[in-house]
Amino acid sequence: MRARVCADCGARPDRAPIATESYGALCPACWHIRGLRQQQEEAARERAGAARIARGLLRAPKNRPLGVLHVDYTERGHTPAGTRRSPSAAKVTVIGADGLVLAEPLLRLVSPRAKGIPDGASDPVQGAEVLAAILSQLTVLIWRYRDLDDLSAGLRAQGATWPLPTGQHVHEMCRLATAWRGEVTPHGDRPVAVAPGRADRMLYLLTQIADTEQAPALPTGAAS
């Protein structure tokens, strides 16, 4: 009858426990706990990796320093049918690793005759060219690529070039922050980090990640 005793909690379930090579026979609850612990151990390793990446970004070389980019859109509501209208403008904020503003243009994303354009919105073609010249010299940190979809579509619709550099010089903060938070829910999910909502807050979060001390390793097989 020993085979029906859980090696962790000592439960004697009606159904035979789940046999494992490393931990012995486990009841469903202890099997689940072991799985969660393994995911937590993996999250701890990813957290350490995120801290290394964050430190590397903050120490970007002088010839390609860090620039943190955030976009705020001027929304125009929805059509009578409920379809979201494209934004009329985008305020693109770029700050350096020291927190100083490097660029903050307000770019028009629709025809000059369209309604809802905020005062001060600049010509998208000229504005995108100036922005591209600045970003081409930076290692750019954004939250997510998809947050820039409206900016990309609006600029291209107005005949402007896409100012964001491509390739290894652009990094997504969302993945980095999610790995650093390393939360594992009781169901085993990994929640996505919440966007800070501003460039300066994104930079602050990056410094928090970079300052993370190496946590001691979780004891192998320890139960929470």
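Here are a few things to note about the model shown:
- Selection count, segment 35-84, where residues are in a loop (DSSP other than H, G, I, E, B), more than 30 Å from ILE134 (Cα to Cα) and open to solvent by 70 Å² or more (accessible area, probe 1.4 Å): 3
- Residue match in segment 176-185 (condition: of a type in the set (D, E, K, R), more than 24 Å from GLU42 (Cβ to Cβ) and at pLDDT below 95): no
- Breaking point among (1) open to solvent by 30 Å² or more (accessible area, probe 1.4 Å); (2) outside any helix (DSSP H, G or I); (3) touching a residue at least 12 places away in the same chain (Cβ under 8 Å), for ALA25: (1)
- Those strands (runs of 3 or more DSSP E) lying entirely in segment 100-202 with at least 1 residues among the polar types (S, T, N, Q): 139-142
- Restricting the first member to segment 176-195 and to residues that are closer than 24 Å to ARG55 by Cα, and the second to residues that are open to solvent by less than 80 Å² (accessible area, probe 1.4 Å) and among the β-branched types (Val, Ile, Thr), the beta-carbon pairs closer than 6 Å and six or more apart or on different chains are TRP180/ILE209; VAL192/THR178; ALA193/THR178.
The values are calculated or read from the model by the stated rules, or taken from the named source; none is laboratory data. Everything numeric here is computed off the predicted structure, so don't read it as measured data. Cβ atoms come from the backbone with ideal geometry, glycine included; neighbour counts cover every protein chain shown. Note: accessible area is taken over every heavy atom of the protein model, side chains too, but ligands, DNA and RNA are not part of it. Shrake-Rupley method; radii C 1.70, N 1.55, O 1.52, S 1.80 Å.
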